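One structure is given below, encoded as structure tokens.
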Amino acid sequence: MFVLIALSFVTALIGTLGGLGGAIILVPVLVVLGVEPIYAAPLGILSVAAGSLAAAPRHLDDGVVHHRLGVTLEIAASAGAVGGALLGGVVSATALSLLLAAVAVLAALSGIRRRGMRNLPRAEFSLEEPGEWPGTLSGAYRLSPTEIVPYSAERVPIGLVAMVASGVISGLAGIGGGFIKTPAMNQIMTVPVRVAAATSTFTVGITAAASLLVFSGQGRIDYRAGAAVIVGGVVGGTVGARLGRNLPPELTRRLLTAVLLIIAVILVVSA
Amino acid sequence: MTGADAGADGPADPDDGSWTTTHRDEMSEIEAEADAQRSDLDQLAGLGPKGDPDRRRANAGTVRPGDIVSAGPAPNHRIGRQRFLVVYLRVALVLAFLVGVVELVIPDEHRDRAGMVMVIVFVVAPAGRVLWLMVRWLRLGDWRFALIGLTLLAVVCTGLIVK
């Protein structure tokens, strides 16, 4: 049990440093260590739920979560997650391992991809209060003390399709899906990456809740192991968030990419 | 539904007779909030609903041409409005952590019950957040997004009945 606490602590720490959460490393590592994917997935989802909960107060204080956008997109993601969690019970362990490997590679690629700044600050908005605008999928966020960036979510239907995909993968593999949600919101829907990341963190908590209900009904949750994951994950995530302020983001992102690629290779070989 | 489409009608007009006199007083602060959040400059970017620019500017606490502006950031009047939500989520996190610790040390026969509590915390925390947002949006007259929130909760609840 102490091994699982330590593992959760380390994976949450590394995952938080890289901005992808701990489950994306925890689940593949558990599978590599011999845990069956259908039992590793619920543990990953518990880690996701804890991570989302831990990050929420900070994001609310920063005022960067677009709740209306998150709730709108989350309908698709939660539906996908319920479907994915149901499918997880019938998909073979080998297929799930290969899916995890593909997910790890995708997450690694999303980590190394450089994102240009699509939304620029506008002088006429410099006195606008940052936040979401009622009744819309638009808003503004503060880039610097004197710069306000307005934005508006575009191509919502395509974004919804991406959310369904992230939900299915999340329910199947037990990972958060933030590595799909954040780029989808940013690249497809032109939402600023900071808002997209915070909104995504809010939504993965709901996706995790939907999956947890299914896993609980199926009796797939090992509660003692889950408790170890939560205890290690909450502490690791908190330490990681503090360390992250002092480490260069580029270095941590590259380290995380390397770790994920190694895990993907091990998963493919073991599958 | 694009952002511009979504903002076509915006929150309900408080003078349309849909709210009672009793509600009018307690809603005045919310109306001011809704007004403050919409800038007349939205129209320049084609992002938001139309309205009286002078009234919004006054409500938003922004400055007019000729006013002296400091180099620092404009005060963010939204800070503190979600304080309840922040406290609620912090309490939920601490509760989840404590349940996790307890679950590691209690005997096996009580473990399943504690595990259920842990799952309930992780389900109720985000669901309660969505519920809080729905109530807030309803009070703002933003019924469309309140309905979307309700749909989301219904989708999450399907996890209870499918196995």
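The values are calculated or read from the model by the stated rules, or taken from the named source; none is laboratory data. These numbers come from a predicted model, not from an experiment. Cβ coordinates were reconstructed from backbone atoms using ideal geometry, including for glycine residues, and neighbour counts include every protein chain displayed.
List the number of the failed condition for A:R142; all other conditions in (1) more than 14 Å from the chain's Cα centre (by Cα); (2) on the phi > 0 side of the Ramachandran plot hold.
Status for A:R142: all satisfied but (2).
With respect to A:A54, is the statement that it is within 30 Å of A:I148 (Cβ to Cβ) and hydrophobic (A, V, I, L, M, F, W, C) true?
Judged against the criteria, A:A54 is a match.
Could you check A:E129 against (1) more than 30 Å from B:V123 (Cβ to Cβ); (2) more than 11 Å from chain B (Cβ to nearest Cβ) and say which number it fails?
Answer for A:E129: the failing condition is (2).
Residue-by-condition table, conditions (1) within 8 Å of another protein chain (Cβ to nearest Cβ); (2) touching a helix residue (DSSP H, G or I) at 6+ places or on another chain (Cβ under 6 Å); (3) assigned to a helix (DSSP H, G or I):
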residue: B:G115; (1), (2), (3): yes, yes, yes
residue: B:F122; (1), (2), (3): yes, yes, yes
residue: B:V130; (1), (2), (3): yes, yes, yes
residue: B:M134; (1), (2), (3): no, yes, yes
residue: B:F145; (1), (2), (3): yes, yes, yes
residue: B:T151; (1), (2), (3): yes, yes, yes
residue: B:A154; (1), (2), (3): no, no, yes
residue: B:L160; (1), (2), (3): yes, yes, yes
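Would you mind telling me which numbered condition in (1) touching a helix residue (DSSP H, G or I) at 6+ places or on another chain (Cβ under 7 Å); (2) closer than 20 Å to A:G15 by Cα; (3) surrounded by fewer than 21 Cβ atoms within 10 Å (Cβ to Cβ) A:I263 fails?
It fails just one condition, (3).
Condition first: over 25 Å from A:L256 (Cβ atoms) and either more than 9 Å from every other protein chain (Cβ to nearest Cβ) or not in a helix (DSSP H, G or I) (or both). Now tell me which residues in region A:207-242 satisfy that.
Correct list: A:G219, A:R220, A:I221, A:D222.
So how many residues does region A:65-106 have that are at pLDDT below 85 and either within 20 Å of A:P157 (Cα to Cα) or part of a loop (DSSP other than H, G, I, E, B) (or both)?
Counting residues in region A:65-106 that are at pLDDT below 85 and either within 20 Å of A:P157 (Cα to Cα) or part of a loop (DSSP other than H, G, I, E, B) (or both) gives 4.
Looking at (1) surrounded by fewer than 24 Cβ atoms within 10 Å (Cβ to Cβ); (2) within 11 Å of chain B (Cβ to nearest Cβ), which is the one condition that is false for A:G70?
Here A:G70 meets the rest and fails (1).
Can you spot a residue in region B:65-84 that is assigned to a helix (DSSP H, G or I) and modelled with pLDDT under 80? Spell out how you get there, then give the answer.
At the first step, the residues of region B:65-84 found to be assigned to a helix (DSSP H, G or I) are B:83-84.
So of that shortlist, the ones also modelled with pLDDT under 80 come out as none.
Scanning region B:65-84, I find no residue that is assigned to a helix (DSSP H, G or I) and modelled with pLDDT under 80, so the answer is no.
Of the residues that make up region A:184-198, is at least one of a type in the set (S, T, N, Q), within 13 Å of chain B (Cβ to nearest Cβ) and surrounded by fewer than 24 Cβ atoms within 10 Å (Cβ to Cβ)?
Within region A:184-198, one or more residues are of a type in the set (S, T, N, Q), within 13 Å of chain B (Cβ to nearest Cβ) and surrounded by fewer than 24 Cβ atoms within 10 Å (Cβ to Cβ).
Residue check: is B:V102 assigned to a helix (DSSP H, G or I), without any contact (Cβ under 8 Å) to a residue 12 or more places away in the chain and closer than 24 Å to A:G44 by Cβ?
No: the conditions fail for B:V102.
With the structure loaded, tell me whether A:G34 is outside any helix (DSSP H, G or I) and of a type outside the set (S, T, Y) or whether it fails that test.
Details: outside any helix (DSSP H, G or I): yes; of a type outside the set (S, T, Y): yes.
The answer is yes for A:G34.
If A:P57 satisfies every condition in (1) assigned to a helix (DSSP H, G or I); (2) touching a residue at least 24 places away in the same chain (Cβ under 8 Å); (3) surrounded by fewer than 24 Cβ atoms within 10 Å (Cβ to Cβ) but one, which is the exception?
Against the list (1) assigned to a helix (DSSP H, G or I); (2) touching a residue at least 24 places away in the same chain (Cβ under 8 Å); (3) surrounded by fewer than 24 Cβ atoms within 10 Å (Cβ to Cβ), A:P57 comes up short only on (2).
Hey, any hits in region A:152-164 for a residue that's modelled with pLDDT under 85 and in a helix (DSSP H, G or I)?
no
What is the residue count in region A:223-245 for residues that are modelled with pLDDT of 70 or more and either surrounded by fewer than 21 Cβ atoms within 10 Å (Cβ to Cβ) or farther than 14 Å from A:V10 by Cα (or both)?
Final tally of qualifying residues: 11.
Take A:T136 and tell me if it is assigned to a helix (DSSP H, G or I), facing chain B (nearest Cβ under 7 Å) and modelled with pLDDT of 85 or more.
The answer is no for A:T136.
Which one of these does B:E109 not meet: (1) surrounded by 14 or more Cβ atoms within 10 Å (Cβ to Cβ); (2) of a type outside the set (S, T, N, Q); (3) not in a loop (DSSP other than H, G, I, E, B)?
(1)
Hey, could you check region B:141-161 for residues that are within 15 Å of A:F215 (Cα to Cα) and surrounded by 21 or more Cβ atoms within 10 Å (Cβ to Cβ) and say which is nearest to the chain's Cα centre (by Cα)?
Ranking the qualifying residues of region B:141-161, first place goes to B:V156.
If I filter region A:73-108 down to residues being within 7 Å of chain B (Cβ to nearest Cβ) and not hydrophobic (A, V, I, L, M, F, W, C), which single residue comes out as nearest to A:P37 (Cα to Cα)?
Among those that are within 7 Å of chain B (Cβ to nearest Cβ) and not hydrophobic (A, V, I, L, M, F, W, C), it is A:S78.
Tally up the residues in region A:8-42 that are free of Cβ contacts under 8 Å to residues at least 60 places away in the same chain and among the aliphatic types (A, V, I, L, M), please.
Count: 3.
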